[in-house]
Structure formats: structure tokens, C-alpha cells
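Have a look at the structure below, then the notes.
The values are calculated or read from the model by the stated rules, or taken from the named source; none is laboratory data. What you are looking at is a predicted structure, and each value in this text was computed from that prediction instead of being measured. With ideal geometry, Cβ positions are generated from the backbone for all residues, glycine too; neighbour counts draw on all protein chains shown. Note: accessible area is taken over every heavy atom of the protein model, side chains too, but ligands, DNA and RNA are not part of it. Shrake-Rupley method; radii C 1.70, N 1.55, O 1.52, S 1.80 Å.
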Amino acid sequence: MSTSLPVTSDEIRETFLRFFEEHGSRRLASASLVPAQHDPSVMLTTAGMHPLKPYFLGADTPPSKRLTSCQKCFRTPDIDNVGVTARHLTCFEMLGNFSIGDYFKREAIAFAWELTVKGFGFDPEKVFVTVFGGDEALGLGVDQESIDFWLEVGVPRERIIELGREDNFWQAGPNGPCGPCTELYLDRGPEYGPATKPGEDESDRFMEFWNLVLMQYEQTTHDDGTSTLKPLPTNNIDTGMGLNRMAMLLQGKETIFETDQFVPLIALGEELSGKTYESGDEAVDRAMRILADHTRGMTFLISDGVVPSNEDRGYVLRRLMRRAVVQGRRIGIEGEFLGRYLDAVVDVMGAAYPELVERREEIRTWVTAEEQGFGRTLTAGLKLLEGLLEAGTVSGADAFLLHDTHGFPVELTVELAEEREIAWTGQDEFDRLMADQRDRSKAGSRRGDHGGASAGSIASLVAPTPTEFTGYAALEQHTTVAGILERDGKTYLKLAESPFYPEGGGQVSDGGTIVLEDGSEAATVVGLVRAGDDQAILVQPADGVGDGRLSADVAFRSGQAVVARVDRKARHATECNHTATHLLHAALRERLGDHVHQAGSAVRPDKLRFDFSHPGKLTPEDVRWVEDRVNERVLAADPVRAITTTLDEARAMGAQALFGEKYGDVVRMVEVGDGEFSRELCGGTHVRNTAEIGVFKITTETSSSANVRRVEAITGPVAVDFLRERDAVLDEISEAAKVPAGQVVERIAKLRDDAKGGAAKAAPVVDESALAAEAIEVGGDAVGGGAPVPVVVARVENVPPKELPAIADRVKGKLGAPGVVVLASPSEDKVALIVAVGPEVVERGVKAGDIVKAAAAVVGGGGGGKPTMAQAGGKDPAKTDDALRAAHDAIVAALGG
Ligand code: SER
């Protein structure tokens, strides 16, 4: 044991674990927050004992009878308490020592006392203990033994308090291992409360810091609420000490949020919001505490593979994150900020939990996606809610709308309402709307119409005995008709044995035929109705004509001998796609990470579709890598085997199972090669060897819903056809572009550039004859001095300045008499002017230079040239018309008008 007393959280953790190691315990690493064993009682690990349950129940053998651990825990019911009290957290570390049928009360008490007094340096005078005071309903008396053992280590009788079942009987849910407990409390002094012993009031004066559970029973709770206790195979010890609470005591802090693991997180809240913690605004303090706790929870949950969703653990995570975002907004944190907290949590906790460091970027991907997704609707949602709160009522329908359209977890809506003291009475309505929505979406995805009868009832209506599925091994089955049913214009058949695979696990139903003994095809299989393992076959006459009913001469009879024949080609193509789906799943996990979980699939003969959890688009490199990896397994010609095993064993072997799917105890596991690459629980049919797949090609990668990607792919002959078609298209392009296929891209790029440049270079469209025709007559006899002069004063659009002289000259040539042409070409920020004057007109006093100057002055420019041709530029294209008018006036004036 270390000589100096522990203070920091890391020191406390180490002191505890080392003490028990020195007393013969094996140190266990923290298990995942996601329970490895299927346990219907909890969604997330809530105590150090949880991963050890099978040992306590005698179902599994522990690596040592003495164990110690620091376990990551998550307590969902505490979400609402966080920030309100001094010590509630959702995500915390629990230190524990465990005995599986080894030491019991005496040693557990002696260890606890020694570590408390010597290891942690608590003043023995200030430590109180509580023991189980008995309970009639449980049939248990006072735990006198524990009292005696506490006296033995030196705790005086007046500091040993007896408490009832409420306080001192520990159970993890209504069923499971449990037992009386004895707890240690620290008296923090009269300044924390008036009580004189633990259990007397609700104050924080006596703070419980260690719970020793004397785990001796397995409890079963009955429907009427009573329960029975059955002794466990051995007497066990399970203790729990909240690490963060110990830090609070040893660091002499008022709340958990001032301890070393939280200081950096609170400081980050101050930095981001520009507000000060504990400056008198309780709402600000609360928000900063919630942010600190929830972002820790978020980081740990994602690092253990939980991803945001609307179900189970994913929903807990989503609630945490959205609650954090809303709290952040309320204290004025702008923009996205959860990533900053993620970094702060990893910095504080990464040394003790290296998985956080390893998965930091993966966690960030989820955090960013969720924050951005919620951020998009948050403002609108908050505004809507704000309006409702101001009006003083929030109904179940409002909460549903907020949930459905704006992603507000209902708990968040309720919390924000309650903060304003607006009573929430809408839960029933909300639940009903949610249930309706679920029904609607179920109805929307329900396949096939069985005339209102459920699949189960159809199958048993046709014949009560279940069909035996033989399609894993056989594609052709000699069997007998077990029953026939005409219903709503459809004919259902039931066979004693059937090789037809009925749709399930993403794989579509087989097609095929039913052949009579004489070899004639009697019926085509057009659909299968699955009812668990049972099935009914929807048939049509083999010739496909008529009203869908079988004609009298092929009518089946019960007991009739038939041959059921699966459409081999379609089945084999489907199998190729099914095995390829497993390979794809494994390759995606390898490339993108363990957060990739199947979210749905459709395995058909022509293609496969696979939906999976992943926050962002796959890059072209990802797609290529995954394709290569799958094709590598195809080339490896690995055998594919289906094995029947127990669920536990399959899980222990790392088999992928569909989350939320119900599996029995006996499961079918499909593995490829030695199983290292791919092992999945699956009831579908597969190729015998991956080489049968031939080739695998991804055709599309899109998004299916938030955080779910969708890949479509093809295999075998379909993939070959696809590649061939692409090849043909390329050949055509190459022919049209008149270059070899390898140069097509380059060629197209050039054609595109040429087309662009060509358009720019194309001659401006100026109708010179039309301009000439617009000439007006200026001067002439009326004013004396000769013939009238044809004058064109016009604007031309989009003509580059350098082209103007040639155009003006040509227009002048089309005038039919010596004349003057003035053109202005305005562009976005300039205007170009040109004046061309016939030499005869120059003689009469019209000089191009003078005219252009008069015009240029109007548009803020200048220029000049010869008397017959002068050019100018101006900066104010808006005044183009005024400039032309000035030119016109100058010409008239020069001609003596
Ligand atoms: N299982 C007990 C608790 O969670 C002791 O570890 O408090």
C-alpha cells in the first residue's frame, strides 16, 4: 500500500485495486457498458457486480474466487437528478471487491475497515456503519454476525446502526442475486446537517461511501408482488464504492463536480459560455454540471459501441446528447461544441481507459453527426416549445410533434415544461400517438396480403401440422400435400416437407414449381407465407392462365404425392448474394469500425441491399477497399458452413447477431472459412464455397436514413453482365470520340474545354446592315452647306472593344453616302466608344476625335484618334445612352445644326 494517502481519482482507483490485489484478488479490467451477456434486466452495466453475475449464480467459473475491479457504470434513472444534487452522475466508476464462494462477512468487514482507515486515512471516530435490521416478509432477522464482526475490528456498538430492507438489502432488479448489506458512512460534521446518525434524515452529513453486499440469495419475484429467496450455490461478497464520491470526500469538496475529473469539464463550460460557475445563478451551474456529466456519458457509451438511435441504449445516448446541446444553448454556447467536451473527457480519462484514446476520432464522427442533425431542427423546435410554454400548456400532441419533427426526446420536452412549472399531463396521449405511428409504419412495410388473415393463421388453416423445411440441403423434394385452402381467390398449399425458403432474415422467398407424379407441372409457386418455422405456399396454375385458381384437373388433394422443385437458378443467385452480404458486413466492420451494425437487408437473385449504421458517406477509397476485401475472400474459395450451437456459445465466438432480434437458445450460425472473418447468426441459405460468388461489385452507396448508409451490390453473372454493359458503353464512347478507350476521359475534357472556349470566341452577333438602315439624316439643305449626312448612333451589346473599329467601318460602308457611325459597347463596368467619319464629312467639320471626346466625357473617360476614326473608353456604362446622345448632338452641331 502506498505510504502517502490517495487524493486524486487515479490514486484512489489504484489504492483500492492494489489493496485487494495484495489480498489475493485478481484485478479485472472494466467490462463494457454494454452487457456482454444477454440480460433482460438491464440495458447498460449499472454496477461492478453486473459482469460477474454468471459467477454468482454458479453458471460460470470465475478466473479466481477473489476478484477486484473498477467498472464503468451507467445509471439511466439518474439522468434527471444530474446537476440538481451534489453527487448524482449517470456515468461513473465503481470500485469493488468480490468473493465468489471464498471469503465472507468477517474478511469483507475486516478488509473494508483496514482500507478505510489505513488506506484512505479516514478518522475511525467519524466512520459509522449500517447493518441489515431484518425483514419479516423476507423471513430474515437482524444480521447479528455483521454486528459482531464490526465490533471485532473496533467499531463501537453505538456507531453500528440497524436499518431495514429499504436501505440495507441489495438487489439488481426484481430477480437475480441479492442479499443483505452493510454500509460505511463518513460523518462530515454538523455543518452538513443536524442528524446524529446515518438514516435519520436526508441531509448530506452522513455520506455513504461503501456498500458491502453479502450476496447469498437468488430472488424470484412473483406476479402478486411477493418474492422468494433461494440460497445461491455459495456465499459471496459484492462491494461497491463510487470512485467519484470518494474523490469528493478525500478532496474535501462540496460536490462531485469540483473534483479532479470534473474541474476541466466545468472550466470548459465556462470558457465556451463566457459565464462563471458558482456565481449565484443556479441555472447556469446546473447546465454546466449536466454538460460535464452527459458528455462523459456520451463519450464512454460511444466508445463501447452504442450509437444514437431511437431505441434502447441508442435512445439513452441520444437523450444525453440532445439534453447537453439544449443546456449548452441555454447558457449561450454557440455553434457545435460537443467535440470540445469529447476531447476534454478523453484528456482526463484516457489514461485509465485507453479505448477512449483509440476511438477518439470514431466517437467524434458520431458526435458531430448527431449534433449537426439535431442542430438543424433545434432552433425551430425550441421556438415552438417556447411559444407553448408561454401560452402555459404542452399537450401530448405537442410533445409528439416536437419529437417527430424536431427530434426532441419527450423527456426533454417534459423537463423544460416542468422547469417552468407547467404540469405535464400528456403522457398517455403521447404514448398513443407513438403507438399509432409504429402501427402505421409496420402496416406500410408489411408485405403480401393474406386477405386479412395473419401469416400464422393462414399456415395453420391450410393444415395444422407444421411443414418441415428441407431447403438447406434439398432443392427438390418428394413429399405429400398436407392441405389446401382457397381463400379470397387465392390457392394456398401446404406440404409435409418443403424445400422452398420462405422470406426471412432479408432473403426473399424461393420460386419454383409443384410437379405431379407423372412429371407434369401442376402449379407455379408465386409466394410463400412464413409463420415462424412453418409456411404455406401460394400457387397458381402452371400455365399461368385463368383466374388464379387451379383448374379442376390439377386440383390437389390432401395426401397426394408431389415433387416440389425450387427454381435453382434464382436460388443460387440469391445464395451468392446472401453469402456476399455477410462478407460485405465483415469487410465494412473491418474498414469502418465496430460501430457498423446491420440495420436491414434485402437479398434477392438480382442484387443485394445492405443497410448499416455509419454516420458519413463512404469515400470512393472505402468502397474500393471493401470491394477488394470481399473479392479476396471470394478468390480464397473459403468453405461456408452452417453450425447449430447455443446462443451463448455463438456470442462467445464473436458471431454477429441482429440487434433487437429474438433468438432462441439454439441458434444457426453461418461461418465463412475458419470463421475469423465472418460469423453471423442467420437462418438463410448460402453458397457452399465463396468461389461460387464469382465476382462482387458495389453499384451504389447512398443514405437510407440518419446515420444509416445503404449499399447495393451484385454478384456472379449479374455482375459480369453489368461490367459487360459498362464496357460496351465505353466502346461506343470511344468510337464516337475517335480515341482508344484509355484516352476517352482526356478527350472528353478537351472537347468540353473547346466547346467553352469556342463559345467565348464566337463572333459577336451584330447585324451591320440593320444598323446601317437605322441611319438618320443630319444637316443638308435646310441648314445649307451640302447633302444630308447619314448618321448611325447606336449601342451594340457584347462586342469586344478591339472589334469595334472593323464593325464601325463596315457599317459606314453600308450607308450609301459619306456618313458618320458612332457605336457604344457597354459591358459590366466599362463602355467602349468608336466614331468613324467619312473623309467627305470630315471636310464638313465633323472630326471623329471631337465627337468621341464629347461622348467619353459623359461616361467618365477619354480617348482620341484620327479625324476619320477615334476610340474612347468610359467607366460608367449606365450612362451609355447619354453618351450617345452627346455624340449625336456634337455631330449635329459640327454640321451646323
Ligand atoms: N452491487 C452493489 C452496488 O451496486 C455493490 O457493488 O451498490
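Comparison of P180, P174 shows that the only residue that is within 16 Å of the ligand (Cβ to nearest atom) and more than 21 Å from K105 (Cβ to Cβ) is P174.
Among the candidates R322, R329, R296, R340, the residue that is under 27 Å from S613 (Cα atoms), at pLDDT below 95 and in a helix (DSSP H, G or I) is uniquely R322. Quickly run through segment 622-653 and pick out the residues that are open to solvent by less than 30 Å² (accessible area, probe 1.4 Å), touching a residue at least 40 places away in the same chain (Cβ under 8 Å), more than 15 Å from A587 (Cα to Cα) and assigned to a helix (DSSP H, G or I). Of everything in segment 622-653, just one residue is open to solvent by less than 30 Å² (accessible area, probe 1.4 Å), touching a residue at least 40 places away in the same chain (Cβ under 8 Å), more than 15 Å from A587 (Cα to Cα) and assigned to a helix (DSSP H, G or I), namely L647. Evaluated against (1) open to solvent by 50 Å² or more (accessible area, probe 1.4 Å); (2) over 24 Å from G83 (Cα atoms); (3) at pLDDT 85 or above, D404 falls short on exactly one condition, (3). Total residues in segment 591-616 satisfying the condition of being open to solvent by less than 10 Å² (accessible area, probe 1.4 Å) and either among the β-branched types (V, I, T) or in a helix (DSSP H, G or I) (or both): the figure is 2. Can you spot a residue in segment 133-156 that is within 16 Å of the ligand (Cβ to nearest atom), within 30 Å of V84 (Cα to Cα) and either open to solvent by 40 Å² or more (accessible area, probe 1.4 Å) or in contact (Cβ under 8 Å) with a residue 60 or more places away in the chain (or both)? Scanning segment 133-156 turns up no residue that is within 16 Å of the ligand (Cβ to nearest atom), within 30 Å of V84 (Cα to Cα) and either open to solvent by 40 Å² or more (accessible area, probe 1.4 Å) or in contact (Cβ under 8 Å) with a residue 60 or more places away in the chain (or both).
The requirement of being more than 40 Å from the chain's Cα centre (by Cα), on the phi < 0 side of the Ramachandran plot, among the hydrophobic types (A, V, I, L, M, F, W, C) and surrounded by fewer than 16 Cβ atoms within 10 Å (Cβ to Cβ) is satisfied by V117.
Within segment 421-457, being in contact with a Leu (Cβ under 9 Å, 6 or more places away or on another chain) and either modelled with pLDDT under 75 or open to solvent by 80 Å² or more (accessible area, probe 1.4 Å) (or both) holds for G448, H450, A453. Quick check on T619: is it free of Cβ contacts under 8 Å to residues at least 40 places away in the same chain, open to solvent by 80 Å² or more (accessible area, probe 1.4 Å) and of a type in the set (S, T, N, Q)? So T619 fails the test. Restricting attention to segment 29-52, does a residue exist that is of a type outside the set (G, A, S), within 13 Å of the ligand (Cβ to nearest atom), buried (at least 21 other Cβ atoms within 10 Å of the Cβ) and at pLDDT 95 or above? For segment 29-52, residues of a type outside the set (G, A, S), within 13 Å of the ligand (Cβ to nearest atom), buried (at least 21 other Cβ atoms within 10 Å of the Cβ) and at pLDDT 95 or above: absent. The selection criterion, being within 16 Å of the ligand (Cβ to nearest atom), of a type in the set (D, E, K, R), modelled with pLDDT under 90 and out of contact with any helix residue (DSSP H, G or I) (no Cβ under 9 Å at 6 or more places or on another chain), holds for E166.
Cβ-Cβ contacts under 8 Å between residues 6 or more apart (or on different chains), taken from a first residue in segment 790-809 that is farther than 8 Å from L823 by Cα to a second residue that is open to solvent by 50 Å² or more (accessible area, probe 1.4 Å) and assigned to a helix (DSSP H, G or I), are listed as V791/H888. The one condition from (1) among the β-branched types (V, I, T); (2) more than 26 Å from I161 (Cα to Cα); (3) in contact with a helix residue (DSSP H, G or I) (Cβ under 7 Å, 6 or more places away or on another chain) that I237 does not meet is (2). Name the one entry in L583, L588 that is open to solvent by less than 10 Å² (accessible area, probe 1.4 Å), in contact with a His (Cβ under 8 Å, 6 or more places away or on another chain) and modelled with pLDDT of 95 or more. After ruling out the rest, the residue left standing is L588.
Of the residues making up segment 204-250, those that are among the hydrophobic types (A, V, I, L, M, F, W, C), in a strand (DSSP E or B) and within 16 Å of the ligand (Cβ to nearest atom) are M207, F209, W210, L212, V213, L214, M215, L232, I237, M241.
Scanning segment 656-693 for residues that are part of a loop (DSSP other than H, G, I, E, B), within 15 Å of T581 (Cβ to Cβ) and at pLDDT 85 or above yields F677, C682, G683, G684, T685, H686, V687.
Screening segment 233-262 for residues that are of a type in the set (V, I, T) and within 24 Å of E208 (Cβ to Cβ) and picking the one that is surrounded by the fewest Cβ atoms within 10 Å (Cβ to Cβ) gives T255. So how many residues does segment 181-203 have that are among the acidic types (D, E) and either over 20 Å from F120 (Cα atoms) or open to solvent by 50 Å² or more (accessible area, probe 1.4 Å) (or both)? Residues in segment 181-203 being among the acidic types (D, E) and either over 20 Å from F120 (Cα atoms) or open to solvent by 50 Å² or more (accessible area, probe 1.4 Å) (or both): 4 in total. When G838 is tested against (1) out of contact with any helix residue (DSSP H, G or I) (no Cβ under 6 Å at 6 or more places or on another chain); (2) open to solvent by 10 Å² or more (accessible area, probe 1.4 Å), just one condition goes unmet, and that condition is (2).
Which of the residues spanning segment 800-824 are open to solvent by less than 10 Å² (accessible area, probe 1.4 Å) and closer than 15 Å to G873 by Cα? Hits for segment 800-824 are L804, V822, L823, A824. From the list T90, T61, T15, the one residue that fits, being away from the ligand (no atom under 13 Å from the Cβ) and open to solvent by 50 Å² or more (accessible area, probe 1.4 Å), is T61. Give the residues of segment 71-87 that are open to solvent by less than 10 Å² (accessible area, probe 1.4 Å) and away from the ligand (no atom under 12 Å from the Cβ), sorted by residue number. Answer for segment 71-87, where residues must be open to solvent by less than 10 Å² (accessible area, probe 1.4 Å) and away from the ligand (no atom under 12 Å from the Cβ): K72, F74, I79, V82, G83.
Within segment 829-850, residues that are on the phi > 0 side of the Ramachandran plot sit with their Cβ atoms under 9 Å from residues that are assigned to a helix (DSSP H, G or I), at 6+ positions apart or across chains, in these pairs: G845/A894.
Residue count for segment 529-559, restricted to those that are at pLDDT 70 or above and crowded, with 17+ Cβ neighbours inside 10 Å: 13. Say whether the condition of being under 46 Å from the mean Cα position of the chain (by Cα), modelled with pLDDT of 95 or more and part of a strand (DSSP E or B) is met by at least one residue in segment 566-573. Yes, there is a match, as at least one residue in segment 566-573 is under 46 Å from the mean Cα position of the chain (by Cα), modelled with pLDDT of 95 or more and part of a strand (DSSP E or B). Going residue by residue through segment 824-843, is there one that turns out to be more than 60 Å from the chain's Cα centre (by Cα) and among the polar types (S, T, N, Q)? Within segment 824-843 (the criterion being more than 60 Å from the chain's Cα centre (by Cα) and among the polar types (S, T, N, Q)), the answer is no, since none of the residues qualifies.
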